[in-house]
Ligand code: GRF
């Protein structure tokens, strides 16, 4: 069923852009009803406005508490007609009531292979730690930051010459594929949550395979699990 998306973002918006591109290409059965931000200066708002998408942009600093801010945002989400929340670089924890109300309908993307490197600066942490593999995770949101059931993960290599920016560029390229893919699976009703585990139900015409898929790019092969289906 067509997802009616409200996207929450605080920054650049490259993931929102990738989602919009996949919708435009007919790969993702969704519509972005609204983009919401706690940062009125965020680039993602320009991007949304340029595409005629309604925006809600207010600084959380102008509200008495997290809960008051989240209730105002929640009202806007309800009025937009959205049924699915997409966190795309939204840099604030959401109130428990918000998370509960959208359980199973709220996704987040994190630039690390969770549970490694939750929180901010995960690219910096990966480079400093000296890991040889890094990546990105799309997961359902629960009340703990970067913690909910994992839908899809992508792995990319880390080279010793990499700066944080080099690594983040590589990670972002995979994010732009796995986030629309996860949303398309949600639209197809193929994600079933069992505790911490998310089963991907087969597509009607499924080839039945999971695991490795070749990613294009200078460092391939990159691994994505479950395998991408056309993203
Ligand atoms: C992404 O790296 C995402 O994983 C993290 O915030 C970043 C947002 O980037 N949660 P963008 O604003 O979508 O370009």
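One table, with the values for the structure above:
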item	result
Region 98-160 versus region 170-201: alpha-carbon centroid distance in Å	13 Å
Choice from 161, 134, 30 with maximal GNM fluctuation in the chain (Cα, 10 Å cutoff)	161
Over the chain, relative contact order from alpha-carbon pairs under 8 Å, at least 6 apart, %	18 percent
Burial ordering of 97, 140, fewest other beta-carbon atoms within 10 Å first	97, 140
Estimated 222 nm signal from helices in the chain, with DSSP H stretches of n ≥ 4 weighted -39500 (n - 2.57), rounded to 500	-9500 deg cm²/dmol
DSSP-defined beta bridges in the chain - what % are antiparallel, rounded to 5	55 percent
Average Cα contact separation per residue, region 95-195, under 8 Å, 6 or more apart, as relative contact order %	27 percent
Percent RCO, i.e. relative contact order, over region 1-100, from Cα pairs under 8 Å lying at least 6 residues apart	39 percent
Percent of alpha-carbon pairs separated by more than 30 Å within the chain	21 percent
Helix axis angle, 66-80 relative to the chain longest principal axis, alpha carbon, degrees	90 degrees
Fewest-first sequence of 34, 91 by Cβ atoms within 10 Å of each Cβ	91, 34
Relative exposure of 70, 128, 101, judged by other C-beta atoms within 10 Å (fewest first)	128, 101, 70
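Rule-based calculations on the coordinates, nothing more; no lab input. Since the structure is predicted, the reported quantities are computational estimates derived from the model, not experimental observations. Virtual Cβ from ideal backbone geometry, glycine too; neighbours counted across all protein chains shown.
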